[in-house]
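In what follows, a single structure is set out as structure tokens and then discussed.
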Amino acid sequence: MPQTYFLFARFYILNLSTSMLDASFLADQGYLSLTLALVVISGAALLGGISGFGFALISTPFMLLLGFPLAFIVPINLTLALLMRLNVAYRLREHIRYQRVVVMAGASIPGILLGLFILNLVSTATIKLVAGLVVIGATLLIWYNSRRRPIKAWPGAVALAGCLGGLLGSTTSLNGVPPVLLLASEQTAPRRFQAELALFFILTNIATLALLTWRGLIPSASALPLVSLWLIVALIANYIGTNLGGRLPTSTFRNLALVLALMAGVMSVLTFQN
């Protein structure tokens, strides 16, 4: 696994050098904002490791509240989520229904392309508002689905979840919301839940990052030192969370993640014009 991290980091760094997305705004971020961002990243990674989901659901609205632009948050969240899920997918590989996940990931590509098209038509403030509303709706639906009787997925549900995930991923980095809703409605076993989500994130995030790179929407090299620090902290926090997940009551931390995400989503909606 260390070789995988190294190869992906090398690929990412090479793409940073050809990026067109300016990250010079980071120089204007105060120390307090950058420190709070580090706390958000580590906390989201820890809770995501424990519950199996929720990293972007928590980090996206809080990072928006701290003043980071959505165009910066999306590729960073996708990169961190991808690298954090590699180890999980490898360790839990025997629980994965590969054909199902591949169908879901493949169906995400049209959604990713649609999302990139929408980015050219809609203002950042509108996307921020939509991101907040999606977070609010998703947390309530995930909470509801986890408490009702399991529902068998109807034909096409897997592909639809993938397509919607791709759309949300390229616009807000919230590509896990539709798959989580699908798995939660089926009340999938915890290990399979974590494993299939992990593989979906890996495949879909690679595709999304590749298309973002093609469109010049990856942050410039000036963001590399900060992103490297966030990556190290996120990997450590996620590793701790993944190990704790097998010993602690997952439902407690899953509910905590949903509460935090709901609060952040509400705040994003209230401040979307700022």
In whole Hz and in residue order, list the ³J(HN,Hα) couplings for the stretch 32-46 that follow from phi through the Karplus curve 6.51 cos²θ - 1.76 cosθ + 1.60, θ = phi - 60°; x for Gly and Pro. 5, 4, 5, 5, 5, 4, 5, 5, 4, 4, 5, x, 5, 5, 5
By its C-alpha gyration tensor, with a ≥ b ≥ c as the square roots of the eigenvalues, how is the chain shaped: rounded for a/c under 1.5, else prolate for a/b larger than b/c, else oblate? rounded
Residues in the stretch 112-132 that a label on Trp214 would reach, taking backbone N under 12 Å of a point 7 Å out along Cα→Cβ: 112-114, 116-117
Nearest 10 degrees is fine. How inclined is helix 124-145 to the longest principal axis of the chain, computing both from alpha carbons? 20 degrees
To the nearest 10 degrees, how steeply does helix 2-16 sit against the main Cα axis of the chain, on a 0 to 90 scale? 40 degrees
At R0 = 41 Å, how high is the FRET efficiency between Thr35 and Glu186 if r is their beta carbon distance? Nearest 0.05 is fine. 0.55
Counted neighbours (other Cβ, 10 Å), sorted fewest up, put Ser59, Ser222, Ser268 in the order Ser222, Ser268, Ser59
In sequence order, calculated HN-Hα J values of the stretch 166-171 (Karplus, 6.51, -1.76, 1.60; Hz; x Gly/Pro): x, 4, 5, x, 6, 9
Hey, what number do you get for the chain at 222 nm if only DSSP H runs of n ≥ 4 count, each worth -39500 (n - 2.57), divided across all residues, to the nearest 500? -25500 deg cm²/dmol
In order through the stretch 148-155: 3J(HN,Hα) via Karplus (6.51 cos²θ - 1.76 cosθ + 1.60), integer Hz, x for Gly, Pro: 10, 5, x, 10, 6, 5, 7, x
For Ser220, residues with placed amide H under 5 Å, excluding near neighbours: Leu21, Ala23
Taking Cα atoms, how many degrees apart are the long axis of helix 98-119 and the longest axis of the chain, rounded to 10 and kept between 0 and 90? 40 degrees
GNM on the chain, C-alpha springs below 10 Å: top fluctuator among Thr242, Thr35, Thr60? Thr35
Residue order, fewest to most beta carbons within 10 Å, for Tyr90, Tyr98: Tyr98, Tyr90
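Taken together, the values in this text are just the output of simple stated rules run on the coordinates, not laboratory data. Keep in mind it's a predicted model, so treat the numbers as computed, not measured. We place every Cβ from the backbone using ideal geometry, glycine too, and count neighbours over all the protein chains shown.
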